[in-house]
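Peer 1: Before I ask anything, here is the structure I am working with.
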Amino acid sequence: VGPSAQPTRPSGDLVRSLLPGADSAAGTGEEDLRRLEIRMNRLRTLFTSCDYARLELELPALIADLRQVAGTSCDAAGLLAAAYQTSASLLLKHGDHGHAWLAVGRAMGEAERSGDPVVVASSVRVHAHLLARENHAAQAVTLIRHVVDQMSGAYDLKSPRHLAVLGMLLLRGVTASALAGSRNSVRDFLTEARDVAARMPDSTQDTWSNFGRVNVELHAVNASVVLGDAGLALDAARPLMRRHIPVPERRAALWTDAAHAYSQQGRLADGYQALRIAESCAPQDVGRPAVRALVADMAARDRRRTLPQLHHFARQLGVSA
């Protein structure tokens, strides 16, 4: 595996695309809207493939084009909300919480204009993610629970898209609960998420999420890591390591969480190997600030430098022990 991608700051173009401005009243035909939807789906694929550099280059143009038509169509407003949601998620990967708040605000506004409760729930999910990362995990859990209660029930009558977005909201509840240190809440959200996943058709490919049974178990691993239950995390991770996980961002998350768990147990060599596997899944994901901080911590704890390859890896990522 070659050197990992170096972290980048969000470009000025992406940040400028989030700023308020006059929207054009230009109309659009159904075919034009369909092309915009295809572009949005492609950019979502770039995110799940961890091609953050290309995503950052292409998002501003799509946002500009969607802003041209969002005022004339509820569907276009929903697509614009999705573009802002993706922007917020990308900025969170960069560790840029300040501009992520701007993107979340824009996403919530367009979601309300769309009139689609599923789009609103998707925007709430990103909002809750940012709240939790800003040390407001308890508030994030309360927000998620409120929206989940509105979306739950009568699952047989719900569309796969509704179930997928509800499931992803529940998984955000798992993460936020772990950050809040609430094992009971983690357990409750996981139970609900598993119930929803069991109702999802296995063949469903939803463009709004990659929700399913495997993603639920990946979040269970992450929650155990966040709670400091390294042994439980690795027990949950091992069967997933033997599975084919088609989404690169999810594969990288599994191995990064495994690296955290190994590090918590003081198994730095195993942690290093897990990080290199994560890098092979998604090089750009390993370059984000959270992973770089983990590598720096692991290298600092290897005071006798018994793992020269770990220190070389840290230098590749531009971090110092």
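The values are calculated or read from the model by the stated rules, or taken from the named source; none is laboratory data. Since the structure is predicted, the reported quantities are computational estimates derived from the model, not experimental observations. Note that each Cβ is placed from the backbone with ideal geometry, even for glycine, and that neighbours are counted across all protein chains shown.
Peer 1: Restricting to region 175-189, name every residue that is assigned to a helix (DSSP H, G or I), out of contact with any Phe, Trp or Tyr (no Cβ under 7 Å at 6 or more places or on another chain) and within 14 Å of Leu130 (Cα to Cα).
Peer 2: Thr175, Ala176, Leu179
Peer 1: Here is a list: Gln316, Gln265, Gln273. Which entry is more than 18 Å from Val225 (Cβ to Cβ) and not hydrophobic (A, V, I, L, M, F, W, C)?
Peer 2: That would be Gln316, the only listed residue that is more than 18 Å from Val225 (Cβ to Cβ) and not hydrophobic (A, V, I, L, M, F, W, C).
Peer 1: Name the residue that is modelled with the highest pLDDT, counting only residues in region 10-37 that are surrounded by fewer than 11 Cβ atoms within 10 Å (Cβ to Cβ) and within 24 Å of the chain's Cα centre (by Cα).
Peer 2: Here the residue is Leu19.
Peer 1: Taking the conditions exactly as written (free of Cβ contacts under 8 Å to residues at least 60 places away in the same chain, under 20 Å from Cys50 (Cα atoms), in contact with a Cys (Cβ under 9 Å, 6 or more places away or on another chain) and not aromatic (Phe, Trp, Tyr)), does Arg251 satisfy them or not?
Peer 2: yes
Peer 1: Show me the helices (runs of 4 or more DSSP H) entirely contained within region 205-321 in which 1 or more residues are within 30 Å of Tyr84 (Cα to Cα).
Peer 2: 213-226, 248-264, 268-281, 283-286, 289-301
Peer 1: Scan region 149-162 and tell me whether some residue there is touching a residue at least 60 places away in the same chain (Cβ under 8 Å) and either crowded, with 19+ Cβ neighbours inside 10 Å or closer than 15 Å to Met40 by Cβ (or both).
Peer 2: No - not one qualifying residue is present in region 149-162.
Peer 1: Still on this structure, please answer the following. Can you run down the residue pairs with Cβ atoms below 8 Å, 6 or more apart or on separate chains, where the first is in region 70-83 and under 14 Å from Asn41 (Cβ atoms) and assigned to a helix (DSSP H, G or I) and the partner is among the aromatic types (Phe, Trp, Tyr) and at pLDDT below 90?
Peer 2: Ala82/Trp208
Peer 1: So which pairs qualify, if the first residue must be in region 45-69 and closer than 11 Å to Ser17 by Cβ, the second must be among the small types (Gly, Ala, Ser) and not in a helix (DSSP H, G or I), the Cβ gap must be under 6 Å, and the two must be at least 6 apart or on different chains?
Peer 2: Glu56/Ser11
Peer 1: What tally of residues in region 44-89 results from selecting those that are among the basic types (Lys, Arg) and surrounded by 19 or more Cβ atoms within 10 Å (Cβ to Cβ)?
Peer 2: Here the count works out to 2.
Peer 1: So Asp188 ticks every box in (1) without any contact (Cβ under 8 Å) to a residue 24 or more places away in the chain; (2) at positive phi but one. Which box is left unticked?
Peer 2: (2)
Peer 1: Against the definition (surrounded by fewer than 17 Cβ atoms within 10 Å (Cβ to Cβ), within 29 Å of Ser177 (Cα to Cα) and either among the β-branched types (Val, Ile, Thr) or modelled with pLDDT under 95 (or both)), how does Arg303 come out, yes or no?
Peer 2: It is false that Arg303 is surrounded by fewer than 17 Cβ atoms within 10 Å (Cβ to Cβ), within 29 Å of Ser177 (Cα to Cα) and either among the β-branched types (Val, Ile, Thr) or modelled with pLDDT under 95 (or both).
Peer 1: Among the numbered criteria (1) under 18 Å from the mean Cα position of the chain (by Cα); (2) of a type in the set (A, V, I, L, M, F, W, C); (3) crowded, with 23+ Cβ neighbours inside 10 Å, which one does Val247 miss?
Peer 2: That leaves (3) as the condition not met.
Peer 1: Tell me yes or no: at least one residue of region 281-298 is more than 18 Å from Leu90 (Cα to Cα), buried (at least 23 other Cβ atoms within 10 Å of the Cβ) and among the β-branched types (Val, Ile, Thr).
Peer 2: yes
Peer 1: Report yes if Leu163 is touching a His at 6+ places or on another chain (Cβ under 9 Å), part of a helix (DSSP H, G or I), closer than 21 Å to Met108 by Cα and assigned by TED's automatic domain parsing to the domain that holds Met200, otherwise no.
Peer 2: No: the conditions fail for Leu163.
Peer 1: Continuing with the same structure: From the list Asp206, Asp188, Asp202, which one is more than 22 Å from Val120 (Cβ to Cβ), out of contact with any strand residue (DSSP E or B) (no Cβ under 6 Å at 6 or more places or on another chain) and modelled with pLDDT under 95?
Peer 2: Asp202
Peer 1: Only one of Ala198, Ala193 is within 17 Å of the chain's Cα centre (by Cα) and without any contact (Cβ under 8 Å) to a residue 40 or more places away in the chain. Can you tell me which?
Peer 2: Ala193
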